[in-house]
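The values are calculated or read from the model by the stated rules, or taken from the named source; none is laboratory data. Here the structure is a predicted model, which means the values were calculated and not measured. Cβ atoms come from the backbone with ideal geometry, glycine included; neighbour counts cover every protein chain shown.
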């Protein structure tokens, strides 16, 4: 009898517990149900919480935040020399979704690369080179630190890890795409015939100069110094080599009599090329640019020269391969995003600017 009573009590407790669980989970939104829902990333509660924390998209449940997106937009526009406030609403939307697409692709690639890390090694030298280029984008260290903070990068070690991951992704794409990039002889010949003019060696000049920078020096003082130098040159009191050695701020050329070597227009700053290319030979002249004053002596000219197909072959192959590779990468990214679209969720209501 006593055993039966104990069993009855246990059974009653069991029924109460089961009843509570059923009620909590299915009849009303109890504490247990709320906890389960909050742990489910696809529940309305989880999505609302993510949006409140600035999440704009999820890829394989990895969160992309508004701060990350804003920095991606800034970087994309910075590379194009544009500012967000100068764009129309339509262009803002385009650049927003383009930047978000880059972030989504980055996360997709991160997952793919994780399965190929042994074949996608990255050296310290590769990271150092890329880090140097990245840091060079920012005017000051403070701008760099602000950008890092916006992207969730706490320190230089984390930045190096992020750069290494990006290089690995590029290597993964190259591994998948490069074997598909082929350039035929017919394409090479056709490109050469259509672009003979642009492929020719451009007109070049050879010149020597004495340069005095005016960024931290009065312009009139620099002009006066070089005017006297020109007088000394014309009166044969000093030669160009001596003047360059004594006066020039151009450390690369002052020890070589100011010689700048052979130069095309594309090699020179616009305001310098515009003036120097019109100078007569062997007539030293003062030239003013935004960087300072130059005493320039044009020593020789070469007219444009046609190139043969063989001369231009490597350049043509590189140009055609670059175009094909760009399209192949675009196609690969689109195919990958389509294949994994069930793992991508964009919160469009969070993308207003």
Selection count, the stretch 124-157, where residues are surrounded by 13 or more Cβ atoms within 10 Å (Cβ to Cβ) and more than 22 Å from residue 99 (Cα to Cα): 3
The lone exception for residue 118 - which of (1) modelled with pLDDT under 85; (2) exposed (fewer than 15 other Cβ atoms within 10 Å of the Cβ); (3) in a helix (DSSP H, G or I) it fails: (3)
Search result, residues across the stretch 73-86 that are in contact with a helix residue (DSSP H, G or I) (Cβ under 7 Å, 6 or more places away or on another chain) and without any contact (Cβ under 8 Å) to a residue 60 or more places away in the chain: 73, 76, 77, 83
Long-range neighbours under 8 Å by Cβ, at least six apart or interchain, first residue touching a residue at least 40 places away in the same chain (Cβ under 8 Å) within the stretch 332-353, second exposed (fewer than 10 other Cβ atoms within 10 Å of the Cβ): 353/89
Any chance residue 196 is outside the structural domain of residue 274 (by TED's automatic domain parsing), closer than 30 Å to residue 322 by Cβ and in contact (Cβ under 8 Å) with a residue 60 or more places away in the chain: yes
Qualifying strands (runs of 3 or more DSSP E) (wholly inside the stretch 194-311; at least 3 residues being within 35 Å of the chain's Cα centre (by Cα)): 204-213, 259-263, 292-302
Pick from the stretch 79-98, criterion part of a helix (DSSP H, G or I) and surrounded by fewer than 10 Cβ atoms within 10 Å (Cβ to Cβ), ranking: nearest to the chain's Cα centre (by Cα): 79
Which numbered condition residue 185 misses (of (1) surrounded by 18 or more Cβ atoms within 10 Å (Cβ to Cβ); (2) modelled with pLDDT of 90 or more): (1)
